[in-house]
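The values are calculated or read from the model by the stated rules, or taken from the named source; none is laboratory data. Values in this document were obtained by computation on a predicted structure and should not be read as measured data. A quick note on method: Cβ atoms are made from the backbone with ideal geometry, for glycine too, and the neighbour counts reach across all protein chains shown. The protein model used for the area step is the full one, side chains on, heavy atoms only, and it has no ligands, DNA or RNA in it. Shrake-Rupley method; radii C 1.70, N 1.55, O 1.52, S 1.80 Å.
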Amino acid sequence: MSGQSWVMKLYKWMVKTSEKDSEEKRSVAKNFLKLISAQFLTNTGDAIVNPKVTLPWLMQSVGAPTFLVAWLVPIRESGSLLPQLFIASAMRRLAIRKWVWVSGSAVQALSLLLMALVADSLDGLAAGVCILLLLTLFSLARGLNSVATKDILGKTIPKSERGQVTGLSASAAGLVTIGIAVMMAVSYLYDWHTSAYFVWGLVLGAVLWLLSALIFSKVEETKSDTEESDFSFFDSLKQLALLKTDKSFRHFVITRACFLGTALSAPYYVVLAEDRIGNSVWVLAMFMGLSGLAGLLSGPFWGRFSDVSSRKVLITASTLGAMTGVFLFVIAQLAPSALSSVWLLPLFYFLLTVFHQGIRVGRKTYLVDMAEGNKRTSYVAVGNTAIGVMLLIFSLIGILGDVFSLELLVLVYALITLIGVVMAIRLPDVSKS
């Protein structure tokens, strides 16, 4: 009883919730804390295995060719999104689905351990190719977690509290990112740019994923309705018909695709800072720290706001995120010297990250709330597959960087986001029970 009392007290302190039957609330409370804990550990691992920061350093430390570094982000992001149609087809055959998430975490842990072995024993081209192959395995396993997370969140947490799970997880991830930024600054100060430094980081990441798998295996999950299917390539592709037949879902996917503008514009703020302020690791550490601070401070707010209306969160956060890019472009045209200020670009990056965090929390909550059961599983898989394709297409806009200024590219992505704002205004409100 004392354990239950401790769980309930912590749950009530963390969550703004409506009153329920005590037995139901105890079950929700235990699942809530397990989901938060598991996601905190994986978010910590994600900060360690960052394709924009730590993995490029690892590739450099083992002497991998520079051209291989360009593949890190596409493999990490698209690799987890594109195969989700097939993951969903398989998962709908299962009554208990938490083991899909547990399996994904275990494979990610194995990938990191093998990556650490490669970094410790190989170098040059061989090391670089092996790291990319293992990152591909890691990313594919991440797709298992992505599909299973939203399905289990919808089954175990009531509608009025799902946004808070995502928001508190984002806040915890922000705290971790701040810690990584501090480590970057210290590593730069003491010149810890050796493969051994990253080997132990990869081992630590593997341990975190194994711990998260252990915690997630304890989630109390009710059985899902199962569907028999051939589980073939073409059977899985048939799910894409949702984009044609389900008007509301198609509208949401197009809206979400437009919101990629805030995510894809963020690296250009960092590149502008490197050009105008300096390319020291201290500058990069500062931006990582600001990114973490934004998530830490804004995550709980966006989570509670999403439980009231995830649609309003999408409209508010995307509007402010787009206007951040517009204002940056205007300043670059009217007072370009201001971009060399040590505070302006970091401030704009901080604001963009706060608003992008709102978009992430809002769209995750919206997707979980808009469907139930196996339909939710299909929504997650089809939506993420479509976004994986759109991510690759929108990334091609970056090619214009050889022709246009970085400020103009930021404006282009801001305008794409504004199109998403118009789309979001027309979305139905699905947050009400």
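For region 347-370, a residue qualifies if it is more than 19 Å from Gly261 (Cβ to Cβ) and within 21 Å of the chain's Cα centre (by Cα), and the qualifying residues are Thr365, Val368, Asp369, Met370.
Taken together, Ser61, Ser105, Ser111 contain a single residue that is among the hydroxyl-bearing types (Ser, Thr, Tyr) and either free of Cβ contacts under 8 Å to residues at least 12 places away in the same chain or more than 15 Å from Cys130 (Cα to Cα) (or both), which is Ser105. Residues that are assigned to a helix (DSSP H, G or I) and in contact with a helix residue (DSSP H, G or I) (Cβ under 6 Å, 6 or more places away or on another chain) were ranked within region 272-282; the one that is surrounded by the fewest Cβ atoms within 10 Å (Cβ to Cβ) is Val281.
Of the residues making up region 119-132, none is within 28 Å of Ile215 (Cα to Cα), part of a helix (DSSP H, G or I) and open to solvent by 10 Å² or more (accessible area, probe 1.4 Å). In a residue-by-residue description of region 85-95, the property of being at pLDDT below 90, open to solvent by less than 20 Å² (accessible area, probe 1.4 Å) and among the charged types (D, E, K, R) applies to no position.
On inspection, Thr377 does not qualify as buried (at least 22 other Cβ atoms within 10 Å of the Cβ) and more than 30 Å from Lys159 (Cα to Cα).
For region 318-368, which positions are open to solvent by less than 10 Å² (accessible area, probe 1.4 Å) and under 18 Å from Arg162 (Cα atoms)? Scanning region 318-368 gives Gly358, Ile359, Val361, Gly362, Thr365, Tyr366, Leu367, Val368.
Among the residues that make up region 242-250, is at least one of them of a type in the set (Asp, Glu), open to solvent by less than 40 Å² (accessible area, probe 1.4 Å) and modelled with pLDDT of 75 or more? Yes, region 242-250 contains at least one residue that is of a type in the set (Asp, Glu), open to solvent by less than 40 Å² (accessible area, probe 1.4 Å) and modelled with pLDDT of 75 or more. I'd like to verify a number: residues in region 10-54 that are open to solvent by 60 Å² or more (accessible area, probe 1.4 Å), at pLDDT 70 or above and touching a helix residue (DSSP H, G or I) at 6+ places or on another chain (Cβ under 7 Å), how many? Residues flagged as open to solvent by 60 Å² or more (accessible area, probe 1.4 Å), at pLDDT 70 or above and touching a helix residue (DSSP H, G or I) at 6+ places or on another chain (Cβ under 7 Å) within region 10-54 amount to 2. For region 66-95, a residue qualifies if it is assigned to a helix (DSSP H, G or I) and under 16 Å from the mean Cα position of the chain (by Cα), and the qualifying residues are Leu72, Val73, Pro74, Ile75, Arg76, Glu77, Ser78, Gly79, Ser80, Leu81, Gln84. Among the residues of region 151-179, count how many are over 16 Å from Ser37 (Cβ atoms) and open to solvent by 20 Å² or more (accessible area, probe 1.4 Å). Selection size over region 151-179: 7. In region 196-220, of all residues being open to solvent by less than 40 Å² (accessible area, probe 1.4 Å) and farther than 27 Å from Leu35 by Cβ, the one that is modelled with the lowest pLDDT corresponds to Phe198. When Val382, Val403, Val422, Val389 are checked against the criterion of being hydrophobic (A, V, I, L, M, F, W, C), surrounded by fewer than 18 Cβ atoms within 10 Å (Cβ to Cβ) and closer than 21 Å to Leu242 by Cα, Val389 stands alone in meeting it.
In contact (Cβ under 8 Å) with a residue 60 or more places away in the chain, more than 20 Å from the chain's Cα centre (by Cα) and part of a helix (DSSP H, G or I): does that describe Ala322? It is false that Ala322 is in contact (Cβ under 8 Å) with a residue 60 or more places away in the chain, more than 20 Å from the chain's Cα centre (by Cα) and part of a helix (DSSP H, G or I). Among the conditions (1) closer than 25 Å to Val107 by Cβ; (2) at pLDDT below 90; (3) of a type in the set (Ser, Thr, Tyr); (4) assigned to a helix (DSSP H, G or I), the only one that Tyr188 does not satisfy is (1).
The lone criterion from (1) β-branched (Val, Ile, Thr); (2) modelled with pLDDT of 85 or more; (3) within 30 Å of Thr222 (Cα to Cα) left unmet by Val368 is number (2).
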